[in-house]
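Below is one structure, written out as structure tokens; comments come after it.
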DNA sequence: CAAATAAGTGTCATTTGTACATTTATTAAT
DNA sequence: ATTAATAAATGTACAAATGACACTTATTTG
């Protein structure tokens, strides 16, 4: 059958929002945009969807090309399509987002586009509607964190309860009660206590824990980790 | 500046998923597709995005054209873009969904595309990937219903507690305890008891309630009714 | 006035959430 | 060796929310 007649066609882009945790704070990964307009400005990792790839695959390819990051589980967030969002011509952008452990992916990160991690409170001005995208992702991150243990994705293999609390405090931007937090964290029985301690941040040291992956995967399988969609 | 060189362009479509409640069950609105391929088959309300409209406006226009429904608050769900999802040519589809009170919109509904309401358990085979879209929307509906009082969107101005319970039972597909349900429903202080009763479904009759719109809007403003995005 | 129908309501036990202060293990300095 | 400093670890009591459960009430119809 012939193509749809009289239908306008548009470039479809992907933008990737990568949140990361470095043990004390949640940060956002940005790069310098590689082409005009706004070449060199701070930007999300973006590119155009190619002809034979799915949206998910396209997002993975683009992230890999621009940052070197691979095997990052990203979730589709929302599509932006205001007629004037891109000054060059109308484009649609399907936004993806992910949460990673910064240190885990440190080695993968390539330097081509001079990527940089920014604390959530120090995000610079971004091109186009990228700031709106990030705001939306931050909000979604909070909501998801409330209803699922999604934030474990941000942690290294071994982590301490204080680090975990720190992560939640960073996401929600508020102080949490030590005692109540650790009671709740441990009550889920998802955490396994290890024998060794993290000694860098206190004299006493804090015991490491790891995630019980079996239980985690059973109760929150990958497709559901980030919730519904 | 010149348009992006060497970038492929695609039609961008919208598909609208409309859930409705008729007082006893949640249903899905479908129409007969108006053009080839698959002309005449059961389909979501879909069409192509036009050049000057936003995605939200496009969704509203398409819904109006195909069904007559106006002023329905729809939320963007997810974008589908597998290369082969449409046999004619590659298209992307941004999916929207909404919840309405079937009776409230009864008069608006036009007959051009022979629209029909289907109980969730009796949804017919749909074109393309529309069934997947509906499954996703059902799931999202459940999750949203758990975390926000979204379901009030499905009710008429006046409704009874048993109707409300019935709605939740329909969405979650399970029986809920009468006593606990009404305690919880009333505890929010979002419901205002009226003087008259609904007498159709019992001899005793059930008091009508209405939503306290001020409180509802204060705590769950339109942008947030459906949650985050 | 009896029967039928679905609405409406209360209690108790359990779980969950919240507020709050002291003790403990370890290191570094004297 | 003793002390000071640091941040980790832990418990209790009260309030609020949840879940399980059965009887009474208002109304209509025969």
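Points to keep in mind about this one:
- Inter-chain neighbour count for A:131-141: the average number of beta-carbon atoms from partner chains within 10 Å of each residue's beta-carbon is 1.
- Cα gyration tensor category, rounded, prolate or oblate, for segment A:12-145 with a/c compared to 1.5: rounded
- With Cα atoms, 0 to 90° folded angle of helix B:161-172 axis to chain B main axis: 40 degrees
- With the label put 7 angstrom out from Cα along the Cα-to-Cβ vector, residue B:106 ends up 6.7 nm from the copy partners, going from closest to farthest.
- A Gaussian network model of chain A, with springs between Cα atoms under 10 Å, assigns the largest mean-square fluctuation among A:64, A:174, A:203 to A:203.
- Candidates A:46, A:205, A:23, ranked by Gaussian network fluctuation over chain A, Cα under 10 Å, top entry: A:205
- Using alpha-carbon coordinates, inclination of helix A:55-67 to the longest axis of chain A, degrees: 80 degrees
- Each copy carries a label point for residue B:186 at 7 Å from Cα along the beta-carbon vector; from one copy to the others these points are 4.2 nm apart, nearest first.
- Taking every alpha-carbon pair under 8 Å whose residues sit at least 6 apart, chain A reaches a relative contact order of 21 percent.
- Between helix A:130-147 and chain A: long-axis angle, C-alpha atoms, 0 to 90°, nearest 10: 40 degrees
- For chain B, built as a Gaussian network whose Cα springs stay under 10 Å, the top-fluctuating residue of B:104, B:214, B:144: B:214
- Cα centroid separation, segment A:101-151 to segment B:82-103 (Å): 29 Å
- Helix-only arithmetic for chain A: the sum of -39500 (n - 2.57) across DSSP H runs with n ≥ 4, divided by the residue total, places the mean residue ellipticity at 222 nm at -8500 deg cm²/dmol.
- When residue B:88 is represented by a point 7 angstrom out along its Cα-to-C-beta vector, the spacings to that point in the other copies are 2.9 nm, nearest first.
Here, each number is a calculation from the coordinates, and none is a lab measurement. Keep in mind that what you see is a predicted model, and the values were worked out from it rather than measured. In this analysis, Cβ positions are derived from the backbone assuming ideal geometry, glycine residues included, and neighbour counts consider all displayed protein chains.
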